[in-house]
Every structure is written in structure tokens, then in C-alpha cells.
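Here the structure comes first, spelled out in C-alpha cells, and everything after it is commentary.
The values are calculated or read from the model by the stated rules, or taken from the named source; none is laboratory data. Predicted model only: the values in this text are computed from it and were never measured. Glycine also receives a Cβ, built like all others from the backbone with ideal geometry; neighbour counts cover every protein chain displayed.
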Amino acid sequence: MENNSKMSKAQQMVKGIHELPTIPEIATRVLDMFDKPNVELEELAETILVDQVMASRVIKIVNSPFFKPMHEIKSLKRALIYLGFRQIRHIALTCSIIDAFEGKTGVFDVKTFWEHSFGVGVVSKIIAQRIRYPETEKAYIVGIIHDIGEVFLSYYMKDNFQQVVDEISGTNRSFIEVEDKLLGTTHCEVGYCLAKNWNFPPEYCDVIAHHHAPQNATCDPTLSAIVNLADLFCSVRQLDYGGREWISFNLAEEPSWKILKEFAPNFIDLDVERFCYELDERVPEVQDLVGSLFEGMIKK
Amino acid sequence: MKLSDADFEILRDFIYNTCGMYFTIQKKYFVESRLTRRMEKLNIKQHGEYFRFLKGGATGSVELKQLLNDLTTNETYFFRNPPQLKALETQLLPEVATPKEKIGFRKLRIWSAGSSSGEEAYTLAMLLLEKRDSLLKNWIFDIVGTDINDEVLAKAKEGVYNAYSVRHVPDYYMRKYFKKESNDRFVLAPEVKKLVTFQHLNLYDDNKMIFMKTFDFIFCANVLIYFDTASKSKVVQHFYNNLQPYGYFFVGQSESLHGVSDKFKTVHFPGGFAYKK
């Protein structure tokens, strides 16, 4: 990333936390397993089953309207067969992040925050499908985790972050603008450092760092543009958080729109109005999914 | 009669493609009940048969209008589209008024096209009145409501409403701008009434449309859905021409201008969008 001062500030912040949340060992093992050839399904299932919480979350995700199985899937093994190896990797990663931040919500309302995050995941996947981006699952997962920097700030920098939230509340200002002003860095750089710390794949780190400026992405600007656009749509279709009074955008002026048009020229014909109404339809689904994944964690 | 998801989707897509109004799956039961009502009237037993009737020729387009009337409840009310009103209040009004204030041109022109009995035009009038001590000090407001139906225009000019029309009026506005004469009779304050003029206008009438000039904002909710694509394009082109260069055009909740005009820029805001010239 080119902005060194913001990046070094973020590095200091992340290094300064001694009891940084860890990605559960189990997730690391699941992730490692995918890099090895010839992993047996049995072996994978056994590894995941060690962590009952993760196992039950995998089953919940696979039964969510998002994956739409014909019949309810009750066993982990069936879930693995249904989802396939690649998706499990992504889901394992998501579940670990949820675990890592369990109970560590700080300033944010955890439910609204994760509804936004999963909303961005769902919309990223829809956009990825529309433009025939080859890795739709990756778009889904990276959409979910794009704002992990916010979770860090909200929990570990509680007081400062409260100031950020207070300053934004009732205004038109964005998180990045106010974070930069008050903290000298933003959730993009912080998220990037966190993701590096956890050895996330480089394309994930790239999106986390550049989801507000996809034109600066180095690994995969298309993926960053997908998440950026999904983020914009969610912010105007009932899946926003943060208490801003106003947000608006005009697609034609968004760098992400330009990037996606280059990737898929027919994307310009998108019926944006219908797209928005269809997103409205998905909102309850996202809320249900988050509700069930975070059962017990979210105080109603 | 129970409407299957597949049949719902057929109807939803047909209505969207012909009229430009999208019914989300959350409205399925509502659509189902209105559909059942229409089918009972026509003595049609199967959804498939009704859809064929709807899609077929002249009788179909008459029926489509009936169905749309039922689906949009053909009733307007005050404060009908909160996201739109909020966008106007918090962002679009200051955006339009600030540069005008700088050059001393303190006049706002707003048009409620297809105003029916005036609820939308008067809602806008109240919002502007609330800005009279701040953003819009010493401004002149010119709000025009037009409709093709003289009966509803007479009602608009009278400014007396029933409980249904005012059911979403926030308490603050209720106390300030309405006089409750009975549980079903609410009289609008003269200061609101005098900001709005109502006139008869057929949106198809090109000769009249070209005189509706220099509006800052135009609202046209649940009207274009009744027009075919060619007329829609023509009317929207008029709206485009009738707007100031920085003006905004709004349609109703769940309406879409996709495929009707590519001149406007779509500006998204929480819960809706506006079309910017």
C-alpha cells in the first residue's frame, strides 16, 4: 500500500495488542489441508469435528437460504460433500473469524455489523455471478470479512473509536474520513495488518486494504471492485451500520463500476433498479443467517 | 387462492416488464389476495388462465389497469415515501437551494405530477414550511399539483382528508398543520394550502407539457406504470426537459425507469433512488 504513514500507524496499533485474537488452530489446520494434494474427505471431517462450534456453524451455513440445499443437511460429512472442498476452506475461514471476535464487539452493535458484513458477502457473490467472475465463493467470503479492521478498532481502540462513531453520527461523513482524521489510519490498513498477521491469502489482504479504493488494488482489482460495489449497495438497501445520516452514490462515477465494466462489458446493461429491489428481497435471508450463526452471542 | 412461488414470479416479471413496478417476494401474500379478488370477479379459476387473459390484447390491458389499481391500492396518503422525503430534506434540498441562495434566486418550483387528491404536494409543502426559518428563509415556494381527473383535483383544492390519508402523518405535523374536526375529518391549515396550486393536465398532451417549465423537483409516483413504453419514454422526456439543469425526478416506491430513459443519472440513497438531470 502506498500510504506509508497510515500503514505504519496501523502496524503499530496491531502490534501493540498483546492478546490479539487468534484464528483457532483448527481453522489453520483446515486451511493448511487444502494446500496438500489428496486430502480425504474423512480426514477433513474429522479435523473439523474436533471443534463442535465450527462444525455446527458449517452445518448452519450450508442450510442457509444462500446455499439452498434441497433437503436439510444434518451431518458434517454431507455438508462437506454438498459444498465441496473449496467452499469449506472459505467457510472455515469465516467461522474462525466469527470465533476470533466472539464477545469482542466493543462499540458496534454486533448484529447490525455482521448483517452488513454478510450482506456484502451475499451481494458480492451475486455481482460475481453476474459478471462471470470465476471465483464466486471467494467473493462471498472476502465480502464477509472486508471490514475486520472495524471490529479490531471497535474492540481494541474502544475510546478512540467511540469518538469516531460519535463524530460520524448524524452527519454525511464516512468512516475512512473520520478514522483518518482522529486515528491517523483507517480500518482498511488495520484490517490489512490483521489479515497479514493471520496469514490470510494475499488476495484477501488486498481486498481488505482496498475495498474503498479498488483502483489501487494490486492483486485483483476486479475482486476489490466487486466488494466495493456490494458495500455501496448494502449501505443504501437496509444493510448499513454506523449511524451516518446520509450516503449516496451515482454508479457512473464510481471507480468500481468502471473496473467491472472493463471486466464484463455487458454489465453496463444491468437493470440497477431491479437489482436493488432484488437485494431488498434478500435482506430477511441475511438477517436470519446472521441470527442463527450468532445465536446466543447476540443479545436481542 | 394459493399462489405458487413460480406463478408469483411469472406475474412479478410480467408486471415489471410491462409497467416498471417490482413486487418483492415479501409482498407475495398481498399480491395473492388482490389477485384472488380479481379472479373471483372474472370467474377465473386458474392462475394460468388469468395470466393468459392478462397478456391477451385489449381486454388484457384493461384488466392490467384494474389489477394495478388493486395492487397499488389506488389511494395516496400523506408522508407516503419516507426514504424519498428524508433524502429531499437532508441532502437534495440543501444541494439545490444553496447555490440558488448564493445568487439570490430564492424560489423553488416543485411539481407533483399525477397529484391525485393532493397528499404528496401538501406533504412537500409542509416539509418546505419547516425549512422556512433556516435553509429557506424568505424563499418563494411554488408547488404545482396536476392530474387528469377533475374530481380528485376538486378534493385536493378542498384540503379535507379522512383518517386513512393522514395515518402516517407524524404527530408534530399533525398538531401543527391539521385541524381535527372528527375522527375521520382532518382539515389542512391554510398556510399549507396556499403554497400549492392544482390544475388539470393530461401528461400525454405535448402542447401543454412543454409549458411546464423550470422545476427544481418533479415527483411522479404510481402514474407511469399505467403507460406503455413508448408513452412512458415520451412523458419522461418531457419531465427531463421541464427540470432545471440540476433538478431531480422521483418515481414511486418500487418503480423503475430502466429501459425508459437513459438520460438521467441514478442517484442512490438509503431506501431509494432519484433521477438527476
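Observations
- Residue list for region A:205-215, restricted to those being crowded, with 24+ Cβ neighbours inside 10 Å and within 17 Å of A:S96 (Cα to Cα): A:I208
- Considering residues of region B:192-210 that are under 18 Å from B:S233 (Cα atoms) and hydrophobic (A, V, I, L, M, F, W, C) only, the residue surrounded by the fewest Cβ atoms within 10 Å (Cβ to Cβ): B:I210
- Of the criteria (1) farther than 26 Å from A:N4 by Cβ; (2) surrounded by fewer than 20 Cβ atoms within 10 Å (Cβ to Cβ); (3) touching an Asp or Glu at 6+ places or on another chain (Cβ under 8 Å); (4) not small (G, A, S), which one A:L182 fails: (1)
- In this structure, B:Q46 does not qualify as farther than 18 Å from B:I225 by Cβ and within 14 Å of chain A (Cβ to nearest Cβ).
- Count of region B:187-211 residues which are more than 29 Å from B:Q66 (Cα to Cα) and modelled with pLDDT of 95 or more: 11
- For region A:16-33, the condition of being modelled with pLDDT under 75, closer than 26 Å to A:G291 by Cα and among the acidic types (D, E) holds for at least one residue.
- Test for B:F8: is it at pLDDT 95 or above and either surrounded by 12 or more Cβ atoms within 10 Å (Cβ to Cβ) or within 13 Å of another protein chain (Cβ to nearest Cβ) (or both): yes
- Residues within region B:74-104 that are loosely packed, with under 15 Cβ neighbours inside 10 Å and either of a type in the set (S, T, Y) or more than 14 Å from chain A (Cβ to nearest Cβ) (or both), tallied: 7
- Qualifying residue in region B:182-198 (condition: closer than 18 Å to B:G20 by Cβ and touching a residue at least 12 places away in the same chain (Cβ under 8 Å)): no
- Among (1) touching a helix residue (DSSP H, G or I) at 6+ places or on another chain (Cβ under 7 Å); (2) not in a helix (DSSP H, G or I) - the single one A:G170 does not satisfy: (1)
- Qualifying position, being touching a helix residue (DSSP H, G or I) at 6+ places or on another chain (Cβ under 7 Å), under 21 Å from A:I247 (Cα atoms) and in contact (Cβ under 8 Å) with a residue 12 or more places away in the chain, among A:V123, A:V190: A:V123
- Some residue of region B:43-52 being under 25 Å from B:S116 (Cβ atoms), of a type outside the set (V, I, T) and part of a helix (DSSP H, G or I): no
- Hits in region B:89-105 - residues which are out of contact with any Phe, Trp or Tyr (no Cβ under 7 Å at 6 or more places or on another chain) and of a type outside the set (S, T, N, Q): B:E89, B:L93, B:P94, B:E95, B:A97, B:P99, B:K100, B:E101, B:K102, B:I103, B:G104, B:F105
- Residue check, B:L64 free of Cβ contacts under 8 Å to residues at least 60 places away in the same chain and either crowded, with 20+ Cβ neighbours inside 10 Å or among the hydrophobic types (A, V, I, L, M, F, W, C) (or both): yes
- Of all residues making up region B:105-151, the number that are surrounded by fewer than 18 Cβ atoms within 10 Å (Cβ to Cβ), within 21 Å of B:H200 (Cβ to Cβ) and of a type outside the set (D, E): 2
- The set of residues in region A:213-254 being at the interface with chain B (Cβ under 8 Å from one of its Cβ atoms) and among the aliphatic types (A, V, I, L, M) consists of A:L232, A:V236, A:I247, A:L251, A:A252.
- Checked against the criterion of being within 24 Å of A:P284 (Cβ to Cβ) and in contact (Cβ under 8 Å) with a residue 12 or more places away in the chain, the candidates B:F23, B:F51, B:F79 yield just one match: B:F23.
- Residue count for region A:72-129 satisfying the condition of being more than 23 Å from A:C205 (Cβ to Cβ), not assigned by TED's automatic domain parsing to the domain that holds A:M157 and not in a loop (DSSP other than H, G, I, E, B): 8.
- So A:I59, is it modelled with pLDDT of 80 or more and not in a helix (DSSP H, G or I): no
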